[in-house]
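Okay, so here's the structure we're looking at.
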Ligand code: HEM
């Protein structure tokens, strides 16, 4: 009974049908993991799938398909099925490889698809000898047997191809087992059996409890090693779905220097870490350079260049106030990337935590297609033959479509309010040119998933942003508003010319315009027009308001110059553009959501390298498997097993051939062998030999 | 018993009678010309070793040397391939000579500008592929042997131009700067040229092997599609511009992994198009003009077999490379995973045919579907999925 079930299971698991079903299921299951991005933070999935599907998919293991239990079960079945298949095939295959089938009967030979009857011109004994010589020459090994019906020459070639079956299928088993050893199953077993618990990321190493630490004896792991320049570490961090584990390395790694090199066009050229490895027991130190594609193996641990980060660059920053009525520098800040500090001001009533998250000394951007780049519109796009002409010649051409430029250092930081909400900023240190004008860029976003939205602060005549800040302050500060409006009105309608009424009207509308603009910039102005002006008159009305704003901004600029003892300026197109850019940026700044703009004044760069440390005990198995797989596949596909039978009777030589592969070349080979044998036996070649049907 | 023209008795030591020739080992079948060809290959390799010594590392040297026996065997088995190699070598060397180390000459020298600079050669390849496709179709529909022979000749020339284009592009990349120079199989544009070239060569091989040009009309469709994509990519995305290699691609593994892969892709493409022809012929469409079903079926199998064998190697080489660049030989990156799916698909196909004895339309449909899966693995992954493979996002 039991053995009956075992037998049936063995039959099932080693059957071709089961194997083919498994291969199909495995393919489909693999697709899932390429459609759903794997191993992302959980809240990314929550956003993507919504609160209903998120937990369902989590239960199904879709966020880490290839480590999911069900996926491993499929793989296990594949290993089982292939193993059983090998077990089942071994005896028959070996028998096949050894046997010559010299007991084949004439009747069975006559039923072969490839068979032909020759009439030799020789006595049987000679014919046997000749046929034997032919078979040997054609690469067959043969046996002679007298089976009562005549003398049978049973020959075969290419039986070694069957070894390919064992190689290829054994390789599948080896590769799967090796892969399992190197996957995260061993780690999960340790967590499960070895009383280990993951812990939260982002804590100080010293605080990580022993239950989250793995010793140097751990045979299989893959983790990240983060080292700032000039520092050492002896740990790798292993990330699991619900936290991290700390893997102790058998040595200390010190990063002396991290190199980033770029090609002239700004593409990255080389990432390399100059490191020192110090053996903890002997204290011996060796120096190495690890690069992408050039890993280093020490003590069974292999270190790879994986990525790089900021390792705590020092930033000298001025916080320039964006609070109306409080112009100037609020504070000078010494920031360190990766660290945070309190950024609060009782008088102004704000209290934030300032977290410096990144710094980059280079930013190579494609500046093509930026608005303002008039060059593009200037020339018409080439067409027809012209276009073809452009694409003839060397492959070095084509640069005209890209405009890659290094636009200098930038840094990112987060401002976190007491409620824990954070907004992220991305500020450039140097001005960027666009269409002949220069701007300082500062970007912001509310969520990591968003792209940065950029505000462009225009540079004034002296190449600084003082004018912008001063104009902004005067436009937005209610305390200065009346003076500004009065001066603007007086300039438009000078006293003593009988325009008092108009001046008064202008004062009113200017005051109203500024009031609205100071709320949310163009947005409130637009809303106001939409509410209070009939649709047909909105265009002209908006023009009037913009004109007033321009006038006020110009006046504010001149007041600022006056205060600094500088002479007033003549209005010209460039200055008008500056005023417009200024107003646009002030409008955007109403959404900036920070009390200050952080201006980067200086920096001291420090990189950190991220190496990957792995120990992969399964690797030799997998590589051996890969080698066997290639040998096996080629053997199976290209060593053709063929059996040729020549039954020599007094007046006939019956030639029959079989092959384990049905393909056209069997027909061809048979034809050639028949010709060869016929020539050797002095027999006429039969006009047409039977062929396999299509 | 009557004496009829008796052949001399064959003794193992004596010379093989004519009847035995086909079974004589390859090396003993070679004539003087074959050895001359091998000698030319060796001299060519030696020349390259000496001339380009400065920019080659040991692996490059090794690969170059290993190529000699491989190309020799291919040329001995497949004679027209020798003329192909000779033409490519001549044109590429002529181009290099005309350049005189100065990229600007691509614009000034007539032959470079209009024939054998890389871009121009690739444009010629593209045009010739289209014309050849038309010729094959004309031949098929009008039963014109001449048109088919023209198609075949044009495809050979297209292959010569494509290969020349790639070699010259390789050279041009070094003219841009020694640090930029690299083998032109590093982005989607370059591998599309490689794909067109490989598929054309594989097809031409089967054309000669089975002595029929009737499959050309179908196989050329897929090559034309690749060329159409290539042109679109060139004209709208300026994708042809030579770019330096990012660090992840600076590896000798790339040089073996990518071409191997494209033997696989090319063979799968051939099998799918022959499968299409099979399906039509089976329904009686064009049946009288296409080769017999059993020939189509055989080509389909042969192409999948060679494709599978090389795709196996390519995937393994990719894994070895990944182990060096990313620290693990397998990490279920979408590109890797789709390679596995392609591989499993054809493994199943082979099992169906070879162990279950399945034949006919099902396998042909399956081969066609296989090309869809392969195409997705080749470009779909780059377009729709994100992963570590930096290889040319569209
Ligand atoms: C990932 C799993 C597998 C792969 C990649 C694979 C691959 C191959 C390949 C490439 C062939 C060559 C085609 C041929 O020459 O016949 C083959 C043949 C074969 N496979 Fe598999 N195989 C797998 C699993 C299995 C399993 C589970 C079985 C057991 C049912 C099996 C049984 C066979 C048999 C009987 C042959 C024919 C051998 C011969 O006649 O020489 N295979 N396999």
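So here's what we get for this one:
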{"quantity": "Meets criteria (within 11 Å of chain A (Cβ to nearest Cβ), surrounded by fewer than 23 Cβ atoms within 10 Å (Cβ to Cβ), at pLDDT below 95 and not in a helix (DSSP H, G or I)) for residue B:253", "calculated": "no"}
{"quantity": "Filter pass, residue B:318 being away from the ligand (no atom under 13 Å from the Cβ), within 30 Å of residue A:225 (Cα to Cα) and under 22 Å from the mean Cα position of the chain (by Cα)", "calculated": "yes"}
{"quantity": "Only one of A:627, A:600 that is outside the structural domain of residue A:277 (by the TED database) and within 16 Å of the ligand (Cβ to nearest atom)", "calculated": "A:627"}
{"quantity": "Some residue of region A:11-21 being surrounded by fewer than 18 Cβ atoms within 10 Å (Cβ to Cβ), assigned to a loop (DSSP other than H, G, I, E, B), away from the ligand (no atom under 16 Å from the Cβ) and within 12 Å of chain B (Cβ to nearest Cβ)", "calculated": "no"}
{"quantity": "Residue satisfying condition, being under 30 Å from residue A:344 (Cβ atoms) and in contact with a strand residue (DSSP E or B) (Cβ under 9 Å, 6 or more places away or on another chain), within set A:574, A:596, A:556", "calculated": "A:596"}
{"quantity": "Wholly within region A:279-325, strands (runs of 3 or more DSSP E) carrying at least 3 residues that are surrounded by 21 or more Cβ atoms within 10 Å (Cβ to Cβ) and within 14 Å of another protein chain (Cβ to nearest Cβ)", "calculated": "A:301-310"}
{"quantity": "Strands (runs of 3 or more DSSP E) contained in region A:62-172 and holding at least 2 residues crowded, with 20+ Cβ neighbours inside 10 Å", "calculated": "A:114-118, A:151-157"}
{"quantity": "Selection count, region B:166-199, where residues are in contact (Cβ under 8 Å) with a residue 60 or more places away in the chain, within 11 Å of chain A (Cβ to nearest Cβ) and in a helix (DSSP H, G or I)", "calculated": "9"}
{"quantity": "Neighbours by Cβ (under 6 Å, 6+ apart or cross-chain): first from region A:86-106, under 29 Å from residue A:151 (Cα atoms); second part of a loop (DSSP other than H, G, I, E, B)", "calculated": "A:97/A:159; A:106/A:149"}
{"quantity": "Residue that is surrounded by the fewest Cβ atoms within 10 Å (Cβ to Cβ) [pool: residues in region A:625-640 that are within 7 Å of chain B (Cβ to nearest Cβ) and within 33 Å of the chain's Cα centre (by Cα)]", "calculated": "A:630"}
{"quantity": "Tally of residues being within 13 Å of chain B (Cβ to nearest Cβ) and either under 12 Å from residue A:86 (Cα atoms) or more than 7 Å from the ligand (Cβ to nearest atom) (or both) across region A:159-170", "calculated": "6"}
{"quantity": "Members of region B:283-309 that are more than 10 Å from chain A (Cβ to nearest Cβ) and assigned to a helix (DSSP H, G or I)", "calculated": "B:300, B:303, B:307"}
{"quantity": "Residues of region B:41-64 that turn out to be farther than 24 Å from residue B:205 by Cβ and without any contact (Cβ under 8 Å) to a residue 24 or more places away in the chain, as a count", "calculated": "14"}
{"quantity": "Filter result (at the interface with chain A (Cβ under 9 Å from one of its Cβ atoms) and either in a helix (DSSP H, G or I) or closer than 14 Å to residue B:267 by Cα (or both)) within region B:354-372", "calculated": "B:354"}
{"quantity": "Residue satisfying condition, being touching a residue at least 24 places away in the same chain (Cβ under 8 Å) and part of a loop (DSSP other than H, G, I, E, B), within set A:669, A:683", "calculated": "A:683"}
{"quantity": "Residue within region A:644-652 that is more than 16 Å from the ligand (Cβ to nearest atom), farther than 15 Å from residue A:110 by Cα and in contact with a helix residue (DSSP H, G or I) (Cβ under 8 Å, 6 or more places away or on another chain) present", "calculated": "yes"}
{"quantity": "Flag if residue A:56 is away from the ligand (no atom under 16 Å from the Cβ), within 30 Å of residue A:448 (Cβ to Cβ) and surrounded by 18 or more Cβ atoms within 10 Å (Cβ to Cβ)", "calculated": "no"}
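The values are calculated or read from the model by the stated rules, or taken from the named source; none is laboratory data. Everything numeric here is computed off the predicted structure, so don't read it as measured data. Glycine also receives a Cβ, built like all others from the backbone with ideal geometry; neighbour counts cover every protein chain displayed.
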